[in-house]
Amino acid sequence: MTLPGRCPGPRSIFGTMKALAPTSEAELAEMVASASEPLRIMGGGTRPIGVPVNGQPLTTSRLTGVTLYEPGALTLVVQAGTPVEEVRKTLAAEGQRLAFEPMDHRGLLGTTGEPTIGGVFAANVSGPRRIQAGAARDFLLGVRFVDGQGQVTRNGGRVMKNVTGYDLVKLMAGSYGTLGVLTELALKVLPASHHTATITLSGLDDTTAVAALSRALGSPFEITGAAHRQTADGPQTCLRIEGFEKSVAYRAGQIQTLLADLGAAKVETDPDTNTTLWQDIRDVACFHDGEGDIWRLSVKPSDAPGIKAQVDGAEALYDWGGGLVWLRVPQNTHADTIRAAVNAAGGHATLIRGNRAGGAFQPLSPPIAALQDGLRARFDPRGILNPGLMGRAA
Amino acid sequence: MDMPKPNPTILARKSQLLDRLASFLPREALIHDPSETRAYECDGLTAYKCPPLAVVLPASTAEVSETLRICNDMGVPVVPRGAGTSLAGGALPTEDSVIIGVARMTEVLETDYDNRFIRVQTGRTNLSVTGAVEEDGFFYAPDPSSQLACAIAGNIAMNSGGAHCLKYGVTTNNLMGVTMVLMDGTVTEIGGAHLDAEGLDLLGLICGSEGQLGIVTEATLRILHKPEGARPVLIGYDSSEIAGQCVSDIIKAGVLPVAIEFMDRPCIRATEAFAGAGYPDCEALLIVEVEGSDAEIDEQLETIMDIARKHDPVELRQSSSEDESKRIWLGRKSAFGAMGKINDYMCLDGTIPVNELPYVLKRIGEMSKEYGLDVANVFHAGDGNMHPLILFDANKEGDLELCEELGAEILKLCVEVGGCLTGEHGVGIEKRDLMLHQYDPPDLEIQMAVKDVFDPKWLLNPAKVFPLASSDTRRIAAE
Ligand SMILES: Cc1cc2nc3c(=O)[nH]c(=O)nc-3n(C[C@H](O)[C@H](O)[C@H](O)COP(=O)(O)OP(=O)(O)OC[C@H]3O[C@@H](n4cnc5c(N)ncnc54)[C@H](O)[C@@H]3O)c2cc1C
Ligand SMILES: Cc1cc2nc3c(=O)[nH]c(=O)nc-3n(C[C@H](O)[C@H](O)[C@H](O)COP(=O)(O)OP(=O)(O)OC[C@H]3O[C@@H](n4cnc5c(N)ncnc54)[C@H](O)[C@@H]3O)c2cc1C
């Protein structure tokens with residue numbers, strides 16, 4: 001037996017405090033309004049990120065269900081605590097998907113729990129297809145959320161084009177529960193592709209590899225994945241193409257011709273092998289085992305190899321044509337070097353795994369930090385929603 | 001349409017303001033003679049006009065910053081302006097305001113094909129961004145019909161879209177970074193050549209904020225390699241219901257056309273008379289365009305035409321030449337011009353869920369009869385962004401008011417079926433007073449709280465977007 005509104009949950013996720021688990025938006029609003037201490041907002045709790053928050057856990061895991069699904073309009077409205085897996089199955093039944101391909105953090109972070117769709121958007125997580133399809137935030141059409149005073153608010157809608165008023169939908173995506181608790185999301189979904197091919201080049205150094213990825217991405221052949229990784233067989237540079245069968249075959253051929261000067265390429269068309277390959281890249285499988293801090297860098301692609309080279313002994317996985325770099329370094333080392341290198345080049349670095357107490361995100365310039373603090377003070381005047389998670393206490 | 005009364009204190013201090021501005025601006029950058037400020041009295045919504053106190057045309061971010069600092073200091077409202085093509089009155093000045101126009105800031109600052117971006121000053125026109133990279137095979141995707149004239153500045157402020165946004169997205173999906181000057185003169189840099197700007201998504205917030213949060217002077221934009229080719233197909237139906245069903249089936253089939261455009265009979269007839277595109281005379285016409293190599297286009301069009309055939313089209317014609325494709329698009333692109341030839345018209349911009357298309361078209365037809373004003377429909381069917389054109393006679397007493405009333409009713413209908421007031425033109429002054437039909441007061445309150453953070457004195461484009469009654473206390477407190 002569990003008390004209504006309380007959820008026992010495994011200790012590893014919820015810590016020692018029992019989580020508040022509202023079963024409706026109204027109940028959630030009431031809980032936030034009457035909260036007298038900081039709240040730690042969670043979906044499934046699979047992605048502890050940012051500066052660890054001390055506070056009463058509050059989970060959306062009981063706000064579940066698909067409210068509306070119109071495959072012909074490519075739209076889905078869903079409650080924030082709905083498991084990602086349920087969303088995936090609902091869409092797959094109609095041959096559709098979340099095109100931005102968000103990662104599963106459980107392997108990398110050693111967490112358990114059921115990832116929620118609210119958590120995906122609260123963290124704006126996008127995988128390899130981000131370079132072609134866009135980020136999670138580009139697929140979020142509308143939100144309902146509860147702000148720090150317990151006020152229910154909505155923004156956007158469920159249509160593809162909407163410029164009515166300010167775009168708080170984008171602002172809420174990637175705000176890590178520091179501006180409000182998302183309760184309902186309207187999403188744009190896309191048809192899943194029928195065929196996939198991956199063209200792999202072997203043995204390239206990082207700089208040559210990123211240049212090759214750039215060349216392919218600058219072609220008209222619509223690459224939906226562009227990664228460079230280290231394997232037991234040496235470095236592999238992978239380019240993914242998706243679509244109808246003949247078109248995939250044609251474009252795979254064109255890409256091979258385009259990169260013919262870099263050695264013989266291997267083309268993989270087996271669906272399962274492709275799924276596994278890109279899931280491994282998406283979920284950074286190469287760093288799941290073993291120790292070390294994990295950093296996630298977003299930089300200008302051509303800067304990536306140079307930044308990596310400045311970090312002694314780092315291992316790297318490049319995604320997004322080089323624009324997304326996952327670095328593994330020995331525990332508690334190189335933080336200053338990484339921050340400085342990214343700062344000098346432009347971009348940002350986030351400590352995903354490691355000691356995050358000192359700040360996980362890239363420090364912001366003073367005017368931007370002031371704007372963000374100002375926004376938090378308006379959305380959450382009491383400073384009770386995940387306070388300090390994004391780096392500066394409210 | 002009400003605008004706030006000009007602040008007499010500001011009008012009285014005009015010469016002091018001009019002295020301070022003239023102290024650092026070159027002569028040609030400061031316009032205050034009434035014969036010249038008149039050129040800035042309205043934007044594309046020409047029914048409303050008011051010359052500003054002065055117009056500043058800076059040549060650099062530093063000049064924008066200094067101008068804003070002075071206006072902020074003296075409590076003078078500022079109206080940012082790009083090319084002035086807004087259809088929502090977004091760039092309409094008030095008598096006591098200074099227009100800051102970026103029209104002289106048109107430089108390309110950096111072009112980087114390896115990393116696929118271009119950095120420009122925001123006064124550059126949309127089409128000339130593509131123009132700067134075209135020879136090397138690249139393009140900037142968002143393509144509003146006004147692209148020859150409109151500036152990137154206005155595109156960002158309105159989050160503008162275009163015919164091809166079904167595949168490539170609107171401005172916000174193609175914007176990587178900005179340099180933006182806050183009302184107090186602070187210069188900020190957000191995002192850049194990397195993806196997903198750091199911290200909260202301020203870039204997403206600024207895009208579409210209608211010049212109320214800051215003045216954007218530079219922008220980093222994503223560029224793409226041009227597709228190998230593109231080809232449209234024309235599909236005609238005897239009912240808009242069936243056309244709507246066909247659109248839905250195409251989308252469900254997993255083909256992602258770059259554009260699905262829809263025109264109804266009144267629009268087809270007007271366009272045909274004007275452009276002679278060879279459109280069939282039918283109830284509903286679809287133009288569906290796909291991209292790729294010849295073989296890829298064949299493969300996609302085959303699927304689309306199979307679907308179209310299942311719904312018994314009265315016309316199904318694939319373009320067979322570059323020339324024919326151009327003609328097909330010329331018809332669609334000159335639709336507004338064609339309507340303008342025969343009538344004055346007001347262009348609406350509501351969006352609806354695509355499955356509501358048949359119902360909404362039927363209701364618009366009924367309302368058009370009730371009001372005795374013709375309505376022609378031409379719109380982006382793939383994403384439900386409607387552009388009903390209400391025809392009226394500007395010289396006829398009361399016709400404009402009647403037209404505005406019908407317009408408001410149609411927009412309310414869009415909201416009622418689950419859509420919104422504006423898909424790409426913005427709220428401006430035009431839809432300001434309808435905002436409470438879409439949002440509840442707390443929803444607007446939190447949007448206004450965002451403006452409080454960026455512009456505490458409510459000096460940037462203050463009388464737009466929010467109903468005057470809702471923003472009253474803030475604007476008055478700021479005075
Ligand atoms: C087998 C598998 C396959 C997967 N495949 C996909 C896939 O195809 N598509 C996909 O989208 N995802 C997929 N993922 C999961 C996904 O990428 C994330 O791991 C997960 O969604 C994180 O959600 P969470 O609820 O655990 O977030 P949490 O770790 O609980 O939260 C993350 C952050 O968001 C905040 N937050 C959480 N919920 C809210 C809310 N409602 N409002 C405000 N802030 C909130 C938290 O405070 C925290 O800062 C998959 C996961 C698995 C296990
Ligand atoms: C014939 C015609 C067809 C059109 N077709 C389309 C279409 O297909 N799709 C579409 O989306 N729109 C369309 N529009 C509307 C219009 O062209 C767009 O809204 C365009 O983006 C406005 O750009 P502009 O430079 O002319 O901006 P302006 O009209 O000068 O200003 C528009 C808004 O932007 C603000 N602004 C201007 N410069 C700045 C700046 N530097 N910083 C901050 N804010 C600023 C202004 O204050 C104002 O609120 C059309 C208009 C016409 C006349």
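Would you please classify the overall shape of chain B from the alpha carbon gyration tensor, given that a ≥ b ≥ c denote the square roots of the eigenvalues, rounded means a/c under 1.5, and beyond that prolate means a/b larger than b/c while oblate covers the rest?
Values: a/c = 2.01, a/b = 1.46, b/c = 1.37.
Here chain B falls in the prolate category.
Could you tell me how many degrees, from 0 to 90 and to the nearest 10, lie between the Cα long axis of helix A:335-345 and the main elongation axis, the longest principal axis, of the Cα atoms of chain A?
70 degrees
Going through segment B:1-104, which trypsin sites (Lys or Arg not before Pro) have at most 14 other Cβ atoms within 10 Å and a DSSP loop state? Write out the running numbers ahead of the final one.
Details: sites: B:Arg13, B:Lys14, B:Arg20, B:Arg27, B:Arg38, B:Lys49, B:Arg69, B:Arg81, B:Arg104; in loops: B:Arg13, B:Lys49, B:Arg104.
The qualifying sites are B:Lys49.
According to the Kirkwood expression over distinct Cα-Cα pairs, how big is the hydrodynamic radius of the protein assembly as shown, in Å?
Values: mean 1/r = 0.0357 Å⁻¹.
Answer for the protein assembly as shown: a Kirkwood hydrodynamic radius of 28.0 Å.
Might you report the magnitude of the Cβ-based charge dipole of segment A:15-85 about its Cα centre, with Lys and Arg at +1 and Asp and Glu at -1, to the nearest 20 debye? Could the numbers behind the result be given before it?
Values: 4 positive and 6 negative charges, 56 e Å.
That gives segment A:15-85 a dipole magnitude of about 260 debye.
Neighbour counts of other C-beta atoms within 10 Å: give me B:Ile215, A:Ile255 arranged from fewest to most.
Working: B:Ile215 27, A:Ile255 23.
If I rank by nearby Cβ atoms, fewest first, I get A:Ile255, B:Ile215.
Run the reach check for B:Lys226 against lysines, Cα to Cα strictly under 21 Å, same-chain hits fewer than 8 apart removed. What comes back?
A:Lys246, B:Lys167, B:Lys326, B:Lys333
In segment B:1-76, which GluC sites (Glu not before Pro) fall in coil by DSSP and have 13 or fewer other Cβ atoms within 10 Å? Before the final figure, lay out the partial values.
Details: sites: B:Glu28, B:Glu36, B:Glu41, B:Glu63, B:Glu66; in loops: B:Glu41.
Taking segment B:1-76 and a limit of 13 other Cβ atoms within 10 Å, no loop GluC sites (Glu not before Pro) are found.
Given the options B:Gly236, B:Thr220, B:Val247, identify the residue whose Cα lies farthest towards the positive end of the charge dipole of segment B:220-260 (+1 on Cβ of Lys, Arg; -1 on Cβ of Asp, Glu).
Highest projection toward the positive end goes to B:Thr220.
Suppose R0 equals 35 Å; then what is the FRET efficiency for B:Lys326 and B:Ala47 from their Cβ-Cβ distance, rounded to the nearest 0.05?
That gives a FRET efficiency of 0.55.
For each pair in A:Lys161/B:Lys464; B:Lys5/B:Lys431; B:Lys5/B:Lys412, compute the distance between the two Cα atoms and list the pairs where it is over 23 Å. Write out the running numbers ahead of the final one.
On the way: A:Lys161/B:Lys464 20 Å; B:Lys5/B:Lys431 20 Å; B:Lys5/B:Lys412 28 Å.
Check vs 23 Å cut-off fails for B:Lys5/B:Lys412.
With charges set only on the Cβ (+1 for Lys and Arg, -1 for Asp and Glu), what does the dipole of chain A come to about its Cα centre, in debye to the nearest 20?
On the way: 37 positive and 37 negative charges, 178 e Å.
In debye, rounded to 20, chain A gives about 860.
Under 11 Å from the Cβ of B:Val258, count the other residues' Cβ atoms, weight Lys and Arg +1, Asp and Glu -1, and hand me the total.
Working: positive: B:Lys167, B:Arg231; negative: B:Asp143, B:Glu261, B:Glu289, B:Glu291.
Counting the neighbours of B:Val258, the net charge comes to -2.
Along the positive direction of the dipole of segment B:108-225 (beta-carbon charges: Lys, Arg +1; Asp, Glu -1; about the Cα centre), which of B:Gly162, B:Ser128, B:Thr111 reaches farthest?
Towards the positive end, the residue furthest out is B:Gly162.
For the protein assembly as shown, what does -39500 (n - 2.57) per DSSP helix run (n ≥ 4), summed and divided by total residues, give at 222 nm, in deg cm²/dmol to the nearest 500? Mind dumping the intermediate values first?
Working: 31 runs with 291 residues, N = 873.
The per-residue figure over the protein assembly as shown is -9500 deg cm²/dmol.
Once the dipole of segment B:343-416 is set up with Lys and Arg at +1 and Asp and Glu at -1 on Cβ about the Cα centre, which of B:Gly384, B:Gly350, B:Leu406 lies farthest towards its positive end?
B:Gly384
I want the local charge near A:Leu63. Using Cβ-Cβ distances under 11 Å, sum +1 for each Lys or Arg and -1 for each Asp or Glu among the other residues.
Working: positive: A:Arg62, A:Arg144; negative: A:Glu25, A:Glu27, A:Glu184.
So the surrounding residues net to -1.
So which GluC sites (Glu not before Pro) in segment A:200-258 are both in a DSSP loop and have at most 16 other Cβ atoms within 10 Å of their Cβ? Present the calculation step by step, with values, prior to reporting the outcome.
On the way: sites: A:Glu222, A:Glu242, A:Glu245; in loops: A:Glu222.
Those that pass, being in a loop and sparsely packed, number zero.
At 20 °C and a viscosity of 1.002 mPa s, what translational diffusion coefficient does Stokes-Einstein give for segment B:338-392, taking Rh as the Kirkwood radius over Cα pairs? Give it in µm²/s as a whole number. Don't skip to the end; give the middle numbers.
Working: Rh = 11.6 Å.
After rounding, the answer is 185 µm²/s.
Taking a ≥ b ≥ c as the square roots of the eigenvalues of the Cα gyration tensor of segment A:195-281, is the shape rounded (a/c under 1.5), prolate (a/b larger than b/c) or oblate?
oblate
So what's segment B:1-129 giving for Rg/Rh, alpha carbon basis, Kirkwood Rh from the mean inverse pair distance? Walk me through the numbers on the way to the answer.
Numbers: Rg = 15.8 Å, Rh = 15.6 Å.
Checking Rg against Rh, the ratio lands at 1.02.
With +1 on the Cβ of every Lys and Arg and -1 on the Cβ of every Asp and Glu, and nothing else charged, how large is the dipole of the protein assembly as shown about its Cα centre, in debye rounded to the nearest 20?
On the way: 77 positive and 111 negative charges, 396 e Å.
Dipole size: approximately 1900 debye.
Bear in mind that the values in this text are calculations on the coordinates, not laboratory data. Just so it is clear, the model here is predicted, and its values are computed rather than measured. Counting neighbours? That spans all protein chains shown, and the Cβs are built from the backbone with ideal geometry, glycine included.
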